[in-house]
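Report on the following structure.
The values are calculated or read from the model by the stated rules, or taken from the named source; none is laboratory data. Values in this document were obtained by computation on a predicted structure and should not be read as measured data. Here the Cβ positions follow ideal geometry from the backbone for every residue, glycine too, while neighbour counts run over all protein chains shown.
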Amino acid sequence: MSTDAAAVDVATPPARVVPRSKRWRYGWVLETLGMLVIYQLYDQGRDRATGTTAEAFGNAKDIVAAQRWLGIYWEKPIQQAFLNVDWFIAFWNIYYGTVHFVLPLVTLIWLYRKRPARYVRWRNTLVLMWAIAVLVFFTYPLMPPRLMPKSYGFVDTAAEYYNFGPQVKVEYGDDGQPTQKALAQYGNPFAAMPSFHIGWSTWCLLALWPMIRRKWVKALFVAYVLGVLFCITVTANHWLLDAVGGLAVLGLGALGAWGIDRAGAAWRARGRAPDRGGVSTPPAPSGAC
């Protein structure tokens with residue numbers, strides 16, 4: 001490479017990776033619509049992956065056996081310790097159905113406005129998490145603790161205590177499957193593995209962590225994730241191994257997003273490669289998918 005070509009390469013800054021929607025004045029509207037469409041696809045995929053009650057119960061028994069072997073079958077004593085405090089269980093019922101959706105939305109908005117390059121990485125992570133989770137829902141239906149037979153000692157807090165959703169038990173038809181009414185009320189009742197309450201809350205923590213300067217705010221975010229773990233346990237909506245599954249899906253999603261970043265960087269590098277005449281071609285403005 002000639003000296004002049006090298007000088008051109010040095011003088012040419014790397015293309016900044018930002019959402020493509022940033023190219024347009026109201027691009028955020030398109031970005032929002034795109035994410036809503038993708039989430040709806042995830043939601044529909046999850047609801048169609050109900051599986052059979054027998055399979056979901058069989059997988060739940062395997063989870064119980066695994067947690068007993070690991071010494072972490074703690075869901076029952078944790079829940080029973082608080083069942084006499086109605087307002088406490090009601091609080092966590094409401095927490096389960098609200099904060100889980102609000103904070104990821106706030107995180108996406110904050111990243112899009114303040115750190116668009118970081119937004120791309122963590123948006124892609126989230127989309128990949130949804131895709132991986134749907135595959136797991138189809139292949140591994142899992143009955144949550146609150147729907148287990150009474151002999152297991154769990155209470156369906158969503159039906160027995162106040163919450164913002166339906167306060168009724170899941171109905172089963174003559175074939176043993178959840179009725180259409182139950183599916184309309186709760187969605188897929190056997191979509192317990194992975195726990196997206198843990199996956200999403202940890203996703204928020206990691207996505208915003210470098211942007212948080214104050215130690216007490218970081219402590220609040222860590223407490224938030226731990227609070228979500230307690231929430232899914234005391235309400236009997238998830239097994240502890242579901243939380244592990246949520247972290248695994250987060251890890252796979254982050255790995256996939258990293259791979260997309262690397263592939264995009266390689267593609268942009270090709271655009272900056274010198275032509276046969278020894279002069280580099282400046283890259284065209286680029287965004288990221």
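Provide a single number: the residues in the stretch 125-160 that are of a type outside the set (A, V, I, L, M, F, W, C) and crowded, with 21+ Cβ neighbours inside 10 Å.
Total satisfying the criteria: 6.
Of everything in the stretch 72-90 that's assigned to a helix (DSSP H, G or I) and in contact with a helix residue (DSSP H, G or I) (Cβ under 9 Å, 6 or more places away or on another chain), which residue is surrounded by the most Cβ atoms within 10 Å (Cβ to Cβ)?
Only one residue fits best here, namely E75.
Between a first residue in the stretch 103-128 that is more than 14 Å from E31 (Cβ to Cβ) and a second residue that is among the polar types (S, T, N, Q) and assigned to a helix (DSSP H, G or I), which pairs have beta carbons less than 8 Å apart while being 6 or more apart in sequence or on different chains?
L103/S201
Looking only at the stretch 44-52, decide whether some residue is part of a helix (DSSP H, G or I) and either modelled with pLDDT of 95 or more or basic (K, R) (or both).
Yes, that holds for at least one residue.
Considering the stretch 21-39 alone, what residues qualify as being modelled with pLDDT under 85, under 23 Å from the mean Cα position of the chain (by Cα) and within 16 Å of R121 (Cβ to Cβ)?
Passing the criteria: only S21.
Which number in (1) at pLDDT 85 or above; (2) surrounded by fewer than 18 Cβ atoms within 10 Å (Cβ to Cβ) marks the one condition that G271 misses?
The failed condition is (1).
With respect to the numbered conditions (1) among the β-branched types (V, I, T); (2) over 25 Å from E75 (Cα atoms); (3) modelled with pLDDT of 95 or more, which one is the sole condition not fulfilled by T235?
Failed condition: (2).
Between a residue in the stretch 199-225 that is of a type in the set (F, W, Y) and any residue that is surrounded by 12 or more Cβ atoms within 10 Å (Cβ to Cβ) and part of a helix (DSSP H, G or I), which pairs come within a Cβ distance under 6 Å, given they are 6 or more apart or on different chains?
Here the result reads W200/P104; W203/L250; F221/L205, each pair linking the stretch 199-225 to a residue that is surrounded by 12 or more Cβ atoms within 10 Å (Cβ to Cβ) and part of a helix (DSSP H, G or I).
Find the helices (runs of 4 or more DSSP H) located wholly in the stretch 116-221 whose residues include 1 or more that are among the small types (G, A, S) and modelled with pLDDT of 95 or more, and list them.
116-139, 196-208
Restricting attention to the stretch 54-64, does a residue exist that is surrounded by fewer than 13 Cβ atoms within 10 Å (Cβ to Cβ), assigned to a helix (DSSP H, G or I), among the hydrophobic types (A, V, I, L, M, F, W, C) and in contact (Cβ under 8 Å) with a residue 60 or more places away in the chain?
Checked against the condition, which is being surrounded by fewer than 13 Cβ atoms within 10 Å (Cβ to Cβ), assigned to a helix (DSSP H, G or I), among the hydrophobic types (A, V, I, L, M, F, W, C) and in contact (Cβ under 8 Å) with a residue 60 or more places away in the chain, the stretch 54-64 yields at least one hit.
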